[in-house]
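Computed from the coordinates by the stated procedures, all read-outs in this text should not be read as laboratory data. These numbers were taken from a predicted model, which means no experiment stands behind them. Here the Cβ positions follow ideal geometry from the backbone for every residue, glycine too, while neighbour counts run over all protein chains shown.
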Amino acid sequence: MDFKSLALKYKTPLYVYDFGHIKEQFESVQKAFHARKSLICYAVKANSNLSILRYLGKLGAGCDCVSIGEIKRALIAGISKYKIVFSGVGKDDSEIAYALRQDILMLNVESEEELKRIEDIARYMGIKARISVRINPDIDAKTHPYISTGLKKNKFGVDIDTAKKLYIYSKKSEWLDPVGIHCHIGSQILDLKPYDEATKITAELLKSLKALDINIKFFDVGGGIGIRYKDEITIKPYEFAQTVLANLEGADVTVICEFGRFLVGNSGYLLTKVLYEKKNGKKRFVIVDAAMNDLIRPGFYDAYHAIEKIDKKDEKFSKADVVGPVCESSDFLGKDVLLPQLNYGDLLIVKSVGAYGFSMSSNYNTRPRCAEVAFTENRYRLIRKRETFENLIECETECLVRGNL
Ligand SMILES: Cc1ncc(COP(=O)(O)O)c(C=O)c1O
């Protein structure tokens with residue numbers, strides 16, 4: 001990629017995505033499940049840019065959404081309503097009503113109270129709500145605790161016994177249609193075993209529901225396959241599919257997977273400009289124009305992202321912390337990164353930032369969020385303009401308190 005020209009044209013910090021990589025990843029999952037009825041619902045939270053949603057939609061993807069905003073994004077991007085699933089532990093009434101009105105594929109229910117609320121709203125609207133229950137299988141996905149979701153101590157889903165009760169209740173209800181079963185145990189998972197255990201438990205429930213004449217059509221295995229940030233050995237989609245399918249023993253269901261990170265993570269680069277170098281005693285810092293508000297993963301999860309100088313030559317390298325201008329000590333993009341001596345204007349790229357990069361960015365320290373560019377069909381296209389200061393204050397200016405308060 002021609003990062004130098006991109007920096008000149010669009011300025012820094014800048015997110016750049018290689019759409020070719022997204023396509024490869026998507027097709028590898030499609031291929032892995034080709035022998036079965038399947039639907040890949042991209043987890044919008046990983047990167048919700050409309051152009052990415054539209055691109056994935058054209059490849060055949062649906063969307064896994066966790067807010068009304070994400071559902072709206074998916075619909076604007078042209079995703080078929082019957083390919084949209086709605087997850088999340090805290091859907092409010094207006095979100096439930098909106099999802100029902102839009103007639104999306106199904107709502108993934110996360111508690112008994114939520115199920116009753118959906119039923120009430122569906123009754124009021126005179127609609128039968130398609131639902132699926134999210135199972136919490138109490139399985140350790142062996143990932144960072146903040147992105148582990150399938151343990152009893154996590155807030156997500158319900159245990160098997162409760163799930164069964166909810167299915168029996170739904171089957172009897174005039175306003176609920178239990179069409180799916182759902183389980184998502186976490187993110188950046190590198191081991192197949194937790195998937196095997198979780199799908200075994202969920203498939204057992206599927207079987208017992210069939211015996212109760214509750215015929216589930218969609219088996220949603222969630223997302224979570226990890227990617228290589230450094231030297232991780234990752235799960236191949238084929239192995240993942242084989243593990244899931246082996247537990248389904250030919251059950252007549254459409255398999256849904258909700259990958260986010262796997263589809264877009266390695267496609268993304270954060271381009272940033274060096275502002276200063278400084279030393280505090282022996283400690284070397286490289287201060288760049290991207291910060292934790294642009295990429296929070298290192299400060300939030302201690303996540304590793306490779307950082308390199310573009311146009312690397314045979315230079316002398318030494319360790320430095322790459323930090324941003326935000327007033328927090330957690331404002332770092334990398335620690336002990338091997339870098340040559342840098343000067344103002346040198347460009348660095350932070351790698352593998354396509355997932356949970358821009359979508360987790362904020363305006364902390366009144367910093368406008370970055371522009372985003374796609375590299376597709378051999379050309380670069382701006383897919384999000386850089387925010388302006390005016391964008392940041394527009395919700396406040398009208399409400400500005402005037403006079404002497
Ligand atoms: C319900 C659900 N599905 C899918 C995902 C996507 O996970 P990943 O990006 O690791 O594939 C998440 C992420 O947390 C999630 O909560």
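Need one number: % antiparallel among DSSP beta bridges in the chain, to the nearest 5.
Approximately 45 percent, going by the DSSP bridge assignments.
Distance from the Cα centre of the stretch 289-325 to that of the stretch 1-59, in angstrom?
One Cα centre to the other: 23 Å.
Residue by residue through the stretch 2-19, what is 3J(HN,Hα) from phi via Karplus (6.51 cos²θ - 1.76 cosθ + 1.60, θ = phi - 60°)? Round to whole Hz and write x for glycine and proline.
Using θ = phi - 60°, the values come out as 8, 5, 5, 5, 4, 5, 5, 6, 10, 6, 10, x, 8, 8, 10, 10, 8, 5 Hz.
Taking only DSSP H segments of four or more residues, each worth -39500 (n - 2.57), what value at 222 nm results for the chain once the sum is divided by all its residues, to the nearest 500 deg cm²/dmol? Show your work: numbers first, answer last.
Details: 12 runs with 128 residues, N = 405.
Calculated mean residue ellipticity at 222 nm is -9500 deg cm²/dmol.
Give the residue from Ser187, Ser352, Val89 lying farthest towards the positive end of the charge dipole for the chain; charges sit on Cβ (+1 for Lys and Arg, -1 for Asp and Glu) and the dipole is referred to the Cα centre.
Value: Ser352.
Suppose every Lys and Arg Cβ carries +1 and every Asp and Glu Cβ carries -1, with no other charges. What dipole size does the stretch 88-257 come out with about its Cα centre, to the nearest 20 debye?
Dipole size: approximately 60 debye.
Counting Lys and Arg as +1 and Asp and Glu as -1, each charge on the Cβ, what is the dipole of the chain about the Cα centre in debye, to the nearest 20? Don't skip to the answer; put the middle values down first.
On the way: 61 positive and 54 negative charges, 159 e Å.
That gives the chain a dipole magnitude of about 760 debye.
Determine the principal axes of the Cα atoms in the chain, then give the extent along each, sorted from largest to smallest and rounded to whole angstroms.
69, 60, 42 Å, listed from the longest principal axis down.
List, largest first, the extents of the alpha carbons of the stretch 303-405 along their principal axes, each in whole Å.
So the three principal-axis extents are 61, 39, 26 Å.
Once you mark the GluC sites (Glu not before Pro) that are in a DSSP loop and have at most 16 other Cβ atoms within 10 Å, what is the longest gap between them in the chain?
Counting at most 16 other Cβ atoms within 10 Å as exposed, the longest clean stretch of the chain is 1-173.
Given the options Tyr98, Ile214, Cys257, identify the residue whose Cα lies farthest towards the positive end of the charge dipole of the chain (+1 on Cβ of Lys, Arg; -1 on Cβ of Asp, Glu).
Projecting each Cα onto the dipole axis, the largest value belongs to Cys257.
Antiparallel as a % of all DSSP beta bridges within the stretch 88-257, to the nearest 5? Please list the in-between numbers first.
Numbers: 1 of 18 bridges.
Roughly 5 percent of the DSSP beta bridges within the stretch 88-257 come out antiparallel.
List the pair-distance distribution P(r) of the stretch 319-378, using every Cα-Cα distance, as the percent of pairs falling in each 5 Å bin from 0 up to the bin containing the longest distance, rounded to whole percents.
4, 11, 20, 25, 20, 13, 5, 1, 0
How far is helix 160-172 tilted off the main Cα axis of the chain, in degrees rounded to 10, range 0 to 90?
60 degrees
Under the Karplus relation 6.51 cos²θ - 1.76 cosθ + 1.60, θ = phi - 60°, what is the ordered set of whole-Hz ³J(HN,Hα) values for the stretch 367-379, x standing for Gly and Pro?
Couplings: 9, x, 6, 5, 7, 10, 10, 9, 9, 9, 6, 6, 9 Hz.
Going through the cross-link list Lys282/Lys313; Lys282/Lys319; Lys230/Lys278, which pairs have a Cα-Cα distance over 19 Å in this structure?
With Cα atoms farther than 19 Å apart: Lys282/Lys313; Lys230/Lys278.
Please work out the FRET efficiency for the pair Ala35 and Val401, using the Cβ-Cβ distance as r and a Förster radius of 60 Å; give the result to the nearest 0.05.
Computed FRET efficiency for Ala35 and Val401: 0.40.
Looking at Pro325, Thr376, Val44, which one has the Cα that reaches farthest to the positive end of the dipole of the chain (charges on Cβ: Lys, Arg +1; Asp, Glu -1)?
So the residue furthest toward the plus end is Thr376.
Taking θ as phi - 60°, what are the ³J(HN,Hα) couplings along the stretch 298-312 by the Karplus curve (6.51, -1.76, 1.60), each to the nearest whole Hz, with x for Gly and Pro?
x, x, 7, 10, 6, 6, 8, 10, 5, 10, 9, 7, 6, 6, 5
If you fit an axis through the alpha-carbon atoms of helix 93-102 and take the longest principal axis of the Cα set of the chain, what angle between them do you get, 0 to 90°, nearest 10?
Helix 93-102 and the main axis of the chain meet at about 80 degrees.
For the stretch 340-405 and the stretch 77-119, what is the centre-to-centre distance using only Cα atoms, to the nearest Å?
30 Å
State which entries of Lys172/Lys207; Lys273/Lys385; Lys81/Lys164; Lys83/Lys200 exceed 21 angstrom in Cα-Cα distance in the structure shown. Mind showing how you got there, number by number?
Details: Lys172/Lys207 19 Å; Lys273/Lys385 18 Å; Lys81/Lys164 27 Å; Lys83/Lys200 25 Å.
As for pairs spanning more than 21 Å Cα to Cα, those are Lys81/Lys164; Lys83/Lys200.
Calculate, axis by axis, the spread of Cα positions in the stretch 68-197 along the three principal axes, and write the results as whole Å, longest axis first.
Computed over the stretch 68-197, the largest-to-smallest principal extents equal 43, 36, 21 Å.
Using DSSP to define loop residues, name the trypsin sites (Lys or Arg not before Pro) in the stretch 145-248 whose beta-carbon has at most 12 other beta-carbon atoms within 10 Å.
Details: sites: Lys152, Lys153, Lys155, Lys164, Lys165, Lys171, Lys172, Lys200, Lys207, Lys210, Lys217, Arg228, Lys230; in loops: Lys152, Lys153, Lys155, Lys217, Arg228, Lys230.
Passing sites in the stretch 145-248 are Lys152, Lys153, Lys155, Lys230.
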